[in-house]
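Below is one structure, written out as structure tokens; comments come after it.
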Amino acid sequence: MLHSVSVRVSDLGISLPEFRLKALAWAETFPLVASYTSNQIPYPYQGFDELLAVSAGKPIAFDPDHVFESLQQQLNRQESLWCGYLGYDLKNQIEKLSSNNPDQVGFPPLFFFEPQLYLYFKQDIITVYSSADPIENILQTIHTYRAPEQFVAPRFEVQQRVSEQEYIRNVERVRQHILEGDVYELNYCMELFAEQVELHPLALYLALNETSPTPFSGFLKYEDRYLLCASPERFLKKEGRKLISQPIKGTIRRGNSPEEDRQLQQQLRTDEKELAENMMIVDLVRNDLRRSCATGTVKVEEMFGIYGFSQVSQMISTISGELREECSPVDALKGAFPMGSMTGAPKISAMQLIDALEVTRRGLYSGAFGYIKPDQDFDFNVVIRSLQYNATSRYLSFMVGSAITYDSVPEKEYDECLLKAKAMLEVLGQKDSPERV
């Protein structure tokens, strides 16, 4: 059972940003760590809560062959906060699908842990929940840690798993499948990676978060595997009986001046292809939410909203519904997973084609990272704009993609992928994008 103590930031003797950096450095000594931040970015229904959670124990155990049933059984006994993720390959337990491509990072399909201690940051108050030491001792210990040093990129080369020519050929294959009626939209992704890389994951995450602050940013440590996440997209949030999903479809670069930025955002707002992509995914999300929501409650609260982030502007829509009384949080997650913005439509056909066309297993990419509160409200992002790192094999990976419709121009879709990779390449010290071979 956790007990809690609240302290004012003014009583810490240091600023909140400095304390949070020290707390992250302290947290990194644990085998299980999850950190979440919204970066104080305004967002409909807000971004992530400000949380930092650690455990020296083991993850929650799930039956690997019946994951969702096992997740429900474990949630029935939940007493505290849960932190973790749903991996993309859980699709194979929702539909009759498989994942046959190689996975070099090695995150399991489902992971949650119950923190032995977590800190909840809210305005000028820090609430510490702990099952062990006197909390005052923990705060004193955090004070003794030094903030992580600034990230310095080691010398290495980021490689591209798929060449530009192969990418373009596959986009043309998708367009042919669309013409034949197999799908009408598909999210096609490619991996960028580096091998034999030694780096400090927390310092790299902080550099990424500084370069590309987003409302669903997070850091996850699972023993020797790390997720460094700068996601702008919410998968699903539960507040009471209300479910909120906010798919992103539509991307354009930021301008070099306020006037150019307004022009670019207006260009995005009136782009027929981007509007069509967004509308298709909105329809798909509405259908997904209907699986667990009461009849007549699913509605589109905002269509084609334009939101600016540090690197890009995005087109975001908001769909909500009321969870049926007989449905559980697991029903809500299972009914909407994986998110339509990362698959395409129809969803099952799109996922089959994704596995045939892509050469890397998505794993945690296109999954959902987040937390489940003790009252079983939850918030999960979409794992995009994220680096994954295996410290044992020294393998670094990230994926980027775009939604393909029949109107897609393959070269433009390729350029959109490189735009989405820009912030990650910058913090890795890669001055140029991988060669366009």
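Taken together, the values in this text are just the output of simple stated rules run on the coordinates, not laboratory data. Every value quoted in this text rests on a predicted model; they were computed, and no experiment measured them. We place every Cβ from the backbone using ideal geometry, glycine too, and count neighbours over all the protein chains shown.
Computed extension length for Glu210-Leu12: 68.9 nm, one decimal, from 0.36 nm per residue of separation with the Cα-Cα distance subtracted. The order of the peptides 143-153, 107-117, 228-238 by mean Cβ neighbours within 10 Å, most packed first, is 228-238, 107-117, 143-153.
Basic side chains Lys and Arg get +1 at the Cβ, acidic Asp and Glu get -1 at the Cβ, and with that the dipole of the range 61-154 about its Cα centre reaches some 160 debye. Among the trypsin sites (Lys or Arg not before Pro) found in the range 1-103, those both in a DSSP coil and sparsely packed, with 11 or fewer other Cβ atoms within 10 Å of their Cβ, are Arg77, Lys96. Where does the charge balance sit around Arg241 when Lys and Arg score +1, Asp and Glu -1, over other residues with C-beta under 13 Å from its C-beta? That sum, taken over residues with Cβ under 13 Å, equals -3. Hey, if you drop one equal point scatterer on each alpha-carbon of the range 67-184 and run the Debye formula without solvent, what base-10 log of I(q)/I(0) do you get at q = 0.12, 0.16, 0.22 Å⁻¹? With one equal scatterer per Cα and no solvent, log10 I(q)/I(0) is -0.89, -1.08, -1.30. If the chain linking Met279 and Gln40 were pulled fully straight, counting 0.36 nm for each residue of separation and taking away their Cα-Cα distance, it would gain 83.2 nm. Which one of Gly340, Gly250, Gly181 has the biggest mean-square fluctuation once the chain is modelled by GNM with Cα springs under 10 Å? Of Gly340, Gly250, Gly181, the Gaussian network model singles out Gly181 as fluctuating most.
Annotation: amide H of Gly344 within the under-5 Å range of Asn187, sequence separation 5 or more or interchain, hydrogens built in the peptide plane. Distance from the Cα centroid of the range 346-380 to that of the range 113-131 is 28 Å (rounded to whole angstrom). Taken as entire DSSP H runs, the helices of the chain never both span 24 Å or more between Cα atoms along their own long axis and average 1.0 or more on the Kyte-Doolittle scale. In this label model, Gln159 and Glu195 are separated by 0.5 nm, measuring between points 7 Å along each Cα→Cβ vector. Remark: for residue pairs Lys242/Lys273; Lys91/Lys242; Lys91/Lys249; Lys334/Lys422, the C-alpha separation exceeds 26 Å in Lys242/Lys273; Lys334/Lys422.
Amide hydrogen proximity for Ile252: with H placed 1.01 Å from N in the peptide plane, the residues at 5 or more positions away or on another chain lying under 5 Å are Ser313. In a DSSP loop and with at most 10 other Cβ atoms within 10 Å, the GluC sites (Glu not before Pro) in the range 319-417 are Glu325, Glu326.
Calculated FRET efficiency, Ile306 to Thr144, Cβ-Cβ distance, R0 = 41 Å: about 0.35 to the nearest 0.05. The 3J(HN,Hα) values that the Karplus relation (6.51, -1.76, 1.60; θ = phi - 60°) gives for the range 307-320 are, in residue order, 10, x, 10, 5, 9, 9, 9, 10, 9, 10, 10, 10, 10, 9 Hz. Gly and Pro appear as x. Using the alpha carbons alone, the radius of gyration of the range 246-354 stands to its Kirkwood radius in an Rg to Rh ratio of 1.05. Modelled this way, with points 7 Å down the Cα-to-C-beta line, the labels at Ser257 and Asp407 are 3.0 nm from one another.
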